[in-house]
Structure formats: C-alpha cells, structure tokens
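Everything below concerns the one structure shown next.
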Amino acid sequence: MDQLPHESLSEIQERYRSLVENLQIGIYRNTPGPKGHFLEANPAIIAMFEAKSKAEFMKHNVSDLYQNPNERQEFVKEILKKGQVKNKEINLITLKGKKIVGSVTAVMKKDKDGKIFFDGIIENITKHKKTEDELYEYRKDLETRVKSRTQELENTKEAMLNVMEDLEKAKGIIEVKNAKDEAMLASIGEGIVAVDNLGKVMIMNKVAENMLGWKTKEMLGKKITDLKLENEDGTFIPFNRRPTTRALSTGATIKVTYFFVRKDNTRFPMAITATPIKLNKKAIGLIEIIRDVTEELEIDKAKSEFVSLASHQLRTPLGIIKWYLEALNEEAYIKNAPDNVQKYFNEIFKSNERVLSLVRDLLSVSRIDQGHVKNIPKLTDVTKMVKNIADQMKILARKDDIALTLDIKNKEIPLINIDSLRLHEVIENLVTNAIVYSNPKGIVKITIDQKDDNIILSVEDHGVGISKKDQVKLFTKFFRSQNAITKNTEGSGLGLYVVKSYIDVWGGKITVKSTEGKGSTFSIRLPIKMKEGEINK
Amino acid sequence: MKKILIVEDELAYLKLLNNQLTKNGYKVVEAKNGKEGLLVAEKEHPDAIILDIRMPVMSGIEMLTKLRKSNYGKTANVIILTNLEPDDEILRSVLEDQPTYYLMKSDIHITDLINKINKLS
C-alpha cells in the first residue's frame with residue numbers, strides 16, 4: 001500500500017470537508033431539546049430537505065423536519081437513554097412539504113462545557129422504503145389472495161362435503177328404493193329381465209336367474225339374444241324372429257312361447273312377454289317377463305288328450321246309433337208308421353247328428369290347441385269341390401225353400417295343393433251356416449273366382465246377419481252371436497274358430513261383411529301357392 | 001256274386017254291415033282283427049275289403065301294409081272305415097298304402113257306402 005504523502009493540516013481539513021460536502025449521506029450536528037436546532041449540516045442533508053441554502057436550513061428547528069413531533073421526542077429520549085441510535089427509520093418532511101423516510105444513526109456527545117449535542121448521519125431511504133412498502137403491500141395482497149383462495153378452497157371443500165352428504169342421503173334413499181324394487185322383483189313369481197336398446201341385459205331377478213340357469217353377474221352387458229331359444233322340434237329361432245328383436249324393431253308388445261335352452265342344455269317351454277320401454281316414441285329397451293309354462297302345457301296337453309280320447313270313444317256308439325237308425329228308416333214298419341212315430345224317429349236322428357257334429361268340432365279344436373293338425377296337402381280342384389258341396393247341401397237348403405246358387409266367375413281356376421279334407425270342412429261349414437241362418441225362401445250364393453295368385457271364395461246369405469259388436473268375436477272359440485243363438489239353438493260356437501285356424505295355416509284369409517237383418521257374406525282367400533305349416537295356438 | 005271281407009272288432013258295426021251288404025246281394029266274410037283279416041283275405045280273395053283301424057291283436061294299418069306285399073293284396077280294393085280322423089300321425093302310413101277310400105263311420109250313410117262298393121270294379 002502506498003504511504004500517504006505528508007499533508008499539511010489545512011490540506012487534511014480540506015480533504016475531510018470535501019468528503020463531508022460531497023457525500024450523498026446527510027451529516028449533521030444538532031441539539032437535544034423539544035425543538036432542537038442544527039449546529040452543523042452538510043450539503044447532502046440540505047438538499048435532502050429541499051432547502052434553498054444552508055442558511056435557510058439552519059434557521060429551522062429539528063422538530064420542523066418531523067412528520068410527527070412525538071416521534072422526535074421518542075428519538076431524543078432513546079438517544080439520551082442509550083447514548084446512540086442505529087438505523088432508526090423516521091418519517092420526515094422536507095421544507096417543501098414532501099414526505100420522506102430517513103434512516104438515522106446518531107450518537108450523543110458532550111462538549112468541553114458539558115453541553116449535550118447529537119452527531120448523526122441520515123440516509124434518504126424513501127425509495128427503498130417505497131419499494132419495501134410495495135413489496136409489503138404486494139406480499140400482503142398475495143397473502144390476501146392466498147387467504148381468499150384458501151377460503152374458496154375451504155368453501156369448495158365444504159360444498160363438496162355437503163354434496164357428498166347429500167349424495168350419501170340420496171344413496172340411502174336409492175338403496176332403500178333399490179331394496180324395495182329388489183324385494184318386489186324377487187317376490188314376483190315371473191322372471192323379469194330388463195334389456196337395453198341393443199338387447200343387452202341390465203337387470204334380472206332371482207326367478208329369472210333360476211329359470212334361465214344364468215346368474216345376473218354372468219349376464220350383465222351380454223345380449224339376451226345370445227341365449228338359445230328354439231321351437232318344440234329343436235329348430236333354432238333366428239335372430240330376426242326373437243321376441244327381443246321384434247319388440248325393439250316394432251315397438252309393440254310381443255307375446256310368444258318358445259323353448260329355452262339352459263346353460264346345462266336342459267330346456268323348458270317359456271312364455272315370453274316383451275314390452276318396449278318407450279322414450280319419445282322410440283324403444284330404448286325392453287322389460288321381458290318370462291314364465292316357465294311346462295305345467296300349463298302339460299295340463300293343456302292332458303286336457304286335449306282327454307277331449308280327444310273321449311271324443312273318439314264317443315264316436316263309436318254314436319256312429320252305431322246313426323247306422324242303426326238309418327237301417328231302421330229303410331224298414332217298411334217305420335216308413336209306414338204313423339206320423340208321430342216318424343217325427344220322434346227324426347228327432348232321435350237329428351239329436352244324434354248334433355252330438356256327432358259337436359264331437360267332431362271338439363276334436364278339431366283339441367287338435368288345433370295341441371298343435372297336432374297335420375297339413376296333408378294334395379292337388380285339389382276347388383271348383384269341383386264347391387260343386388259337390390253345393391249338391392250335397394241342396395237337401396238341407398230345400399227344407400226351408402232356400403235357393404242355393406253357384407257362380408263360377410272363372411272357369412280356369414288351377415288345382416291347388418291343399419289339405420282337401422280340411423278345405424271341404426271349411427266350405428261345408430260356411431255353406432251350412434249360410435243356409436241355417438237364412439230366412440225361409442232365401443237365397444244363398446256361392447261365388448268362386450281367381451284374383452292374381454289367390455282363389456276367392458265367398459258365401460253370401462240374406463239372413464239374420466251379425467251385429468258389428470259380435471263380428472269382432474266371431475272367430476273365437478265357443479263364441480255365438482246373439483242373432484245366431486236366437487235363430488238356431490244348436491250350434492257349438494266352434495265352426496268358425498276351426499275354419500279360421502285352418503285358413504291361417506294355409507296363409508289365407510277369411511273376412512266377413514254383415515248387416516244385421518240383411519245378411520252376411522263370408523269371403524275366403526286361398527293362395528294358389530300354399531304355405532306349408534302346422535296349426536298352432 | 002261279389003264277395004266282401006269286413007274286418008271289424010265292433011260287433012254292432014259288423015252285424016249291421018253284414019246285414020246291409022247281404023241284403024244288397026253280396027257274399028260277406030268276416031274277421032275280428034287284422035291278423036284274422038290277412039288270413040281270410042289271402043284265402044278268399046274278396047272283391048273288396050272293409051277295414052277298421054283300431055282293433056286288438058293287429059291294427060288295420062298293420063294289416064294293410066302286410067296285405068300290399070302279397071300278389072292278391074297289391075291291387076285289392078280296400079275301404080278304410082273308421083272313427084279315426086285322417087290327420088293323425090299314424091295315418092300318413094295308411095295313405096302310403098293307397099286305400100281306395102278313407103271313410104269316417106260317423107259321417108258316412110250306409111247307403112252311400114253301398115253305392116261306393118257297387119261302383120268298384
């Protein structure tokens with residue numbers, strides 16, 4: 001280090017003075033006391049307090065530079081007590097009234113007379129302070145924001161908790177509802193399967209599980225149509241014929257009975273009712289109610305078998321009575337017997353015929369119900385058959401002077417492949433009805449024609465007619481219209497049921513037009529290309 | 001004189017038929033079941049056979065099937081006369097053996113039956 005050159009005292013004094021005067025830190029010497037006055041001040045402090053000159057500055061009391069005079073007294077007390085104060089922040093005010101913050105470090109001193117004075121330095125830290133304040137404000141703001149965010153989070157948390165609580169409550173309610181639903185589903189004797197719009201299983205009750213041999217867990221999300229459904233003869237029901245598919249595509253309730261094949265390959269007859277759940281007229285799923293109808297079918301079968309057996313057994317003695325009556329009728333002693341004997345004889349014969357016809361109808365119905373009607377088609381000349389029937393029926397028609405006419409509109413009606421015995425039964429039935437329900441001296445007209453690929457056969461009478469109300473039920477089993485009962489007490493109410501059942505099997509159609517008191521026209525349409533099939537329920 | 005074989009287990013039918021046919025100038029031979037019927041048919045070679053279906057020992061169906069295998073039986077006139085409806089499963093086989101007629105006892109009038117027999121060649 002270079003040694004300082006020797007300097008004169010005035011040179012040293014000058015250097016310090018220059019140092020003090022050029023320092024950016026205010027340097028001062030002042031007196032204590034409530035107001036205090038400056039003894040020394042360097043240019044930096046004069047500039048700091050915006051005084052025009054040193055003289056002006058020196059005129060002011062120390063307390064004039066404090067924003068708060070009390071602060072000055074505190075400051076003085078502290079110095080007097082501790083002998084010094086370091087880096088004390090004081091709020092000051094310039095002579096022009098600008099507020100500044102000064103950081104003051106001062107020491108207490110005594111002169112040779114024992115008078116107390118303070119030597120101090122002051123730094124303008126207003127800018128620092130401002131930055132600091134800003135930082136502080138910023139921090140405070142940050143804190144506020146953090147607090148408010150925290151509060152928001154707290155609120156959200158609370159809200160969440162409330163929602164959760166509500167959910168718990170709702171869950172409770174739903175659980176109770178589910179339990180109720182489940183209890184209800186379980187207590188229903190029928191199996192219930194709910195499927196969505198794709199046929200996928202959503203719910204199954206216990207009964208359905210037991211019936212189908214599949215657990216709900218195994219079936220959830222699987223298509224119900226993946227399970228096997230077949231006809232009695234074991235042929236598979238194609239996807240588009242499945243009740244699920246039909247109900248979903250048509251939006252209508254479908255009721256069918258098929259055989260269901262369980263997981264273990266055992267099978268049982270199952271009645272299915274598939275009811276669409278509709279939203280805006282579109283099926284969004286189905287409720288399928290399933291029922292094991294094994295017992296019902298067995299009872300039905302037993303019933304039909306009983307009827308069938310009883311009917312066959314009845315026929316033998318009835319047939320014998322018929323034959324013997326006929327034989328007797330040929331004998332001279334009956335032919336020549338008094339009128340009342342002949343009358344009694346006829347009544348016996350007629351009653352026997354009635355029972356025979358009832359037995360015949362019962363047998364037909366039991367066969368239809370059992371699904372045992374076999375279509376035995378053979379090439380048949382329908383025109384010829386109608387002619388024969390008309391000839392046979394003339395005897396019956398003549399009794400009441402009824403004219404039976406035949407109108408063959410098309411002479412080239414082709415032969416059709418049909419069960420001729422059944423067709424005979426159908427036509428005979430319609431013509432008999434027309435005669436029986438005609439008024440005396442009436443006209444019964446049979447018309448046969450061909451339209452496109454169909455043979456149209458109609459039987460028209462001008463008899464009692466059928467009311468609109470009764471027309472609806474006309475083709476149901478055992479139904480007899482009021483007019484029919486009045487006119488003829490003997491009918492079984494089975495004839496038209498049998499007729500319609502057969503025509504349905506052939507893929508044909510029967511229709512009726514009738515006005516009460518004016519007569520009826522029954523028309524049947526037979527497709528020339530017959531459909532093969534069985535009569536079923 | 002034409003000869004008719006009646007195969008029938010129900011005596012009332014058998015007697016009446018025999019009576020009516022005899023009255024109409026036929027010679028009648030009888031059998032009470034299918035087994036007897038086959039024997040009589042082969043021995044007597046009747047012009048027509050009236051055959052019931054439900055009979056003990058051997059049914060009319062079985063008898064007809066067996067009959068169709070013999071020289072005489074191949075072309076014999078057979079009238080099935082029964083109370084069984086012709087749509088029962090069992091009757092499919094009967095129809096294969098081509099009876100001349102399939103008649104229901106309770107539907108046919110005896111006079112119609114005799115008319116049909118008269119027309120047979």
- Item | Hits in segment A:456-465 - residues which are crowded, with 22+ Cβ neighbours inside 10 Å and modelled with pLDDT of 90 or more | A:L457, A:V459, A:D461
- Looking at segment A:1-118, what helices (runs of 4 or more DSSP H) fall wholly within it and have at least 2 residues that are of a type in the set (D, E, K, R)? A:9-22, A:54-59, A:69-82
- For A:G114, are the conditions met, namely being at pLDDT below 90, surrounded by fewer than 18 Cβ atoms within 10 Å (Cβ to Cβ) and under 13 Å from A:T31 (Cα atoms)? yes
- From the list A:I320, A:I376, which one is assigned to a helix (DSSP H, G or I), out of contact with any Cys (no Cβ under 8 Å at 6 or more places or on another chain) and either closer than 19 Å to B:L103 by Cβ or within 9 Å of chain B (Cβ to nearest Cβ) (or both)? A:I320
- Task: Output the residue which, of all residues in segment A:234-264 that are under 17 Å from A:T294 (Cβ atoms) and surrounded by fewer than 13 Cβ atoms within 10 Å (Cβ to Cβ), is nearest to the chain's Cα centre (by Cα).
- Result: A:D264
- Message: Checking the conditions here, which among A:V207, A:V261 is in contact with a strand residue (DSSP E or B) (Cβ under 8 Å, 6 or more places away or on another chain) and modelled with pLDDT of 90 or more?
- Response: A:V261
- Item | Qualifying residue in segment A:28-42 (condition: among the β-branched types (V, I, T) and within 21 Å of A:I125 (Cα to Cα)) | no
- Message: List pairs: first residue in segment B:12-41 and away from every other protein chain (no Cβ under 14 Å), second residue among the acidic types (D, E) anywhere in the structure, Cβ distance under 7 angstrom, at least six positions apart or on different chains.
- Response: B:V29/B:E44; B:K32/B:D9; B:N33/B:D9; B:G34/B:E62
- Looking across segment A:45-66 at residues that are over 15 Å from A:I100 (Cβ atoms) and free of Cβ contacts under 8 Å to residues at least 24 places away in the same chain, the single one that is farthest from the chain's Cα centre (by Cα) is A:A55
- Do we find that A:N429 is assigned to a helix (DSSP H, G or I), closer than 30 Å to A:K301 by Cβ and at pLDDT 85 or above in this structure? yes
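Here is a list: A:E288, A:E326, A:E305, A:E296. Which entry is part of a helix (DSSP H, G or I), on the phi < 0 side of the Ramachandran plot and away from chain B (no Cβ under 13 Å)?
A:E296
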- Item | Selection count, segment A:74-83, where residues are surrounded by 14 or more Cβ atoms within 10 Å (Cβ to Cβ) and touching a residue at least 24 places away in the same chain (Cβ under 8 Å) | 3
- Query: When you go through A:S438, A:S420 one by one, which is the residue that is of a type in the set (G, A, S) and farther than 18 Å from A:F522 by Cβ?
  - Reply: A:S420
- Message: If A:Q392 meets every condition in (1) within 30 Å of A:K529 (Cα to Cα); (2) away from every other protein chain (no Cβ under 13 Å); (3) more than 60 Å from the chain's Cα centre (by Cα) apart from one, which number is that one?
- Response: (2)
- Message: Give me the residue from segment B:21-34 that is surrounded by fewer than 18 Cβ atoms within 10 Å (Cβ to Cβ) and assigned to a helix (DSSP H, G or I) and, out of that set, modelled with the highest pLDDT.
- Response: B:T22
- Condition met for A:A337 (away from chain B (no Cβ under 14 Å), out of contact with any helix residue (DSSP H, G or I) (no Cβ under 8 Å at 6 or more places or on another chain) and either free of Cβ contacts under 8 Å to residues at least 12 places away in the same chain or of a type in the set (D, E, K, R) (or both)): no
- So A:E134, is it assigned to a helix (DSSP H, G or I), closer than 28 Å to A:A47 by Cβ and out of contact with any Leu (no Cβ under 9 Å at 6 or more places or on another chain): yes
- Return the residue satisfying two criteria in turn: it lies in segment A:395-422 and is under 16 Å from A:Y437 (Cα atoms) and either of a type in the set (A, V, I, L, M, F, W, C) or within 57 Å of the chain's Cα centre (by Cα) (or both), and of such residues it is surrounded by the fewest Cβ atoms within 10 Å (Cβ to Cβ). A:I395
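The values are calculated or read from the model by the stated rules, or taken from the named source; none is laboratory data. Please read these numbers as outputs of a predicted model, since none were measured by experiment. In this analysis, Cβ positions are derived from the backbone assuming ideal geometry, glycine residues included, and neighbour counts consider all displayed protein chains.
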